[in-house]
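In what follows, a single structure is set out as structure tokens and then discussed.
The values are calculated or read from the model by the stated rules, or taken from the named source; none is laboratory data. Everything numeric in this text was worked out from a predicted model, so none of it was measured. Every residue, glycine as well, gets a Cβ built from its backbone with ideal geometry; the counts of neighbours run over all protein chains shown. Areas reflect the complete protein model, heavy atoms only, side chains present, ligands, DNA and RNA absent. Shrake-Rupley method; radii C 1.70, N 1.55, O 1.52, S 1.80 Å.
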Amino acid sequence: MGSSQAAMSFLTNLARAAFGLGAAATLANSSLYTVDGGQRAVLFDRFRGVIDQTVGEGTHFLIPWLQKPFIFDIRTRPHTFSSISGTKDLQMVNLTLRVLSRPEVSRLPYIFQHLGLEYDEKVLPSIGNEVLKAVVAQFNADQLLTERPHVSALVRESLIRRAKDFNIVLDDVAITHLSYGAEFSRAVEQKQVAQQEAERSKFVVMKADQERRAAVIRAEGESESAQLISDATAKAGLGLIELRRIEASREVAATLARSPNVAYLPGGKNNMLLALNPALAGGR
């Protein structure tokens with residue numbers, strides 16, 4: 001009987017010790033929190049509210065139930081959003097903007113109080129659309145292409161200034177996509193076709209003008225040549241004409257002599273010469 005009571009007492013003490021260790025471990029676990037690299041914590045106190053100081057990286061203590069940590073990622077993160085905006089000449093343009101943003105660490109308590117943990121999703125799309133529409137409205141549709149560096153710089157400056165009002169730092173702002181509406185694209189294509197047709201017509205006109213000038217110069221040359229021949233004939237008589245006729249006959253004879261299938265019939269009744277093989281002619 002005494003041994004059973006001792007065993008019961010031992011088990012009871014062991015259970016109490018295990019319960020105490022479990023409660024202590026639970027209390028210790030709830031009293032610790034860890035802030036990883038690239039993060040900061042903001043503490044909310046049930047009596048004092050949001051504490052103004054941020055908590056850095058590492059493991060920290062808190063008062064269970066009374067305090068609660070909220071973790072912020074302070075590393076640079078990309079955000080992409082699109083906006084359909086109207087240009088100065090009333091053309092619709094679709095732009096895609098990419099920004100790299102991070103919160104201002106010293107203002108994290110203020111950001112948590114007014115915007116919450118999803119501050120970037122609440123702020124960036126709205127101010128991005130606002131800035132894009134304001135900047136695009138200052139340019140014509142074609143200027144968005146010809147002056148794209150200036151447009152990008154203007155968007156970057158305006159967006160950085162607007163984000164600073166919400167304690168958000170923008171490390172980079174870039175326009176990644178720009179496209180026009182179907183009507184404007186069709187108008188640009190028709191304009192290019194019209195320009196090509198105009199260039200082609202200009203070339204045809206220039207070619208016709210060159211051909212006309214060449215014909216005039218050729219006619220003037222022929223006229224001067226005829227005049228020179230007429231003058232020479234008037235001075236030398238028919239001798240020049242006979243000389244030209246002999247030269248032309250010589251050229252014709254040389255051309256015919258090089259052809260193997262040409263028959264030459266000189267004047268006279270008994271001098272008939274054919275362009276035949278002499279051996280064949282003798283056989284006959």
| Filter result for the condition that a residue is within 30 Å of GLN138 (Cα to Cα) and of a type outside the set (Ser, Thr, Tyr), over GLN91, GLN53, GLN67 | GLN91
| said: For the structure I just gave you, tell me whether LEU154 is free of Cβ contacts under 8 Å to residues at least 24 places away in the same chain and on the phi > 0 side of the Ramachandran plot. | reply: no
| query | Hey, among the residues in region 57-87 that are in a loop (DSSP other than H, G, I, E, B) and in contact with a helix residue (DSSP H, G or I) (Cβ under 9 Å, 6 or more places away or on another chain), which one's most open to solvent (accessible area, probe 1.4 Å)? | reply | TRP65
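Would you point out which residue out of LEU115, LEU159 is out of contact with any Pro (no Cβ under 7 Å at 6 or more places or on another chain), over 30 Å from GLY49 (Cβ atoms) and touching a residue at least 40 places away in the same chain (Cβ under 8 Å)?
LEU159
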| request: For region 231-249, indicate whether the set of residues that are at pLDDT 75 or above, among the polar types (S, T, N, Q) and open to solvent by 90 Å² or more (accessible area, probe 1.4 Å) is non-empty. | output: no
| note | In region 101-141, residues that are over 28 Å from ILE71 (Cα atoms) and touching a strand residue (DSSP E or B) at 6+ places or on another chain (Cβ under 6 Å) total 4
| said: If I filter region 1-51 down to residues being among the charged types (D, E, K, R) and open to solvent by 60 Å² or more (accessible area, probe 1.4 Å), which single residue comes out as modelled with the lowest pLDDT? | reply: ARG16
| remark: Only one of ARG212, ARG284 is at pLDDT 65 or above and basic (Lys, Arg), namely ARG212
| remark: By residue number, the members of region 158-186 that are of a type in the set (Gly, Ala, Ser), farther than 30 Å from ILE74 by Cα and open to solvent by less than 50 Å² (accessible area, probe 1.4 Å) are SER179, GLY181
| request: Report yes if some residue within region 88-108 is open to solvent by less than 80 Å² (accessible area, probe 1.4 Å), without any contact (Cβ under 8 Å) to a residue 24 or more places away in the chain and farther than 30 Å from VAL55 by Cα; otherwise report no. | output: no
| remark: Filtering region 111-134 for residues that are open to solvent by 70 Å² or more (accessible area, probe 1.4 Å) and either under 18 Å from ARG161 (Cα atoms) or touching a Cys at 6+ places or on another chain (Cβ under 9 Å) (or both) leaves a count of 4
